[in-house]
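Structure first, commentary second.
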Amino acid sequence: MGSEPENPHGFVPVSYENGTWRTAEGDVVPWYEVQTDLLPEAEVQGALQRVLSVYGVSDVVVDAFDQFRKELKRPSPEE
């Protein structure tokens, strides 16, 4: 009906290009207004290590995750 939404915040998709965040229309968005669901790499690595050690998985699985992490690392473009 006419009730207010529980969470009045909206999200506009932005992408990072040439050192600035931009909307799809090309408008620059200040960095302090950008919210992402990205976590620091160290936090992700730590959580992964804890889970793998707690569940006592085999070396094959640990090796697979190591390879997975290497695949995710993108080399920075050549300057």
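When the solvent-accessible surface of protein heavy atoms is calculated with a 1.4 angstrom probe, in what order do Thr36, Thr20 fall, highest first?
Solvent-accessible surface, decreasing: Thr36, Thr20.
The calculated FRET efficiency for the pair Val61 and Thr36, based on their C-beta separation and a Förster distance of 25 Å, comes to about 0.30.
Between Thr23 and Gln45, what FRET efficiency comes out of the Förster formula 1/(1 + (r/R0)^6) with R0 = 35 Å and r the beta carbon distance, rounded to 0.05? That pair, Gln45 with Thr23, gives E of 0.65.
Counting only protein heavy atoms and using a 1.4 Å probe, the accessible area of Glu17 comes to about 80 Å².
Within the shell defined by Cβ-Cβ distances under 13 Å, the residues around Ala47 carry a net charge of 0, with Lys and Arg each +1 and Asp and Glu each -1. In this structure the amide hydrogen of Val29, modeled in the peptide plane, comes within under 5 Å of the amide hydrogens of Trp21, Arg22, Thr23, none closer than 5 places in sequence on its chain.
The values are calculated or read from the model by the stated rules, or taken from the named source; none is laboratory data. On a predicted model such as this, the values are computed, not experimentally measured, just so you know. A quick note on method: Cβ atoms are made from the backbone with ideal geometry, for glycine too, and the neighbour counts reach across all protein chains shown. Side chains are part of the model used for accessible areas, which takes the heavy atoms of the whole protein and leaves out ligands, DNA and RNA. Shrake-Rupley method; radii C 1.70, N 1.55, O 1.52, S 1.80 Å.
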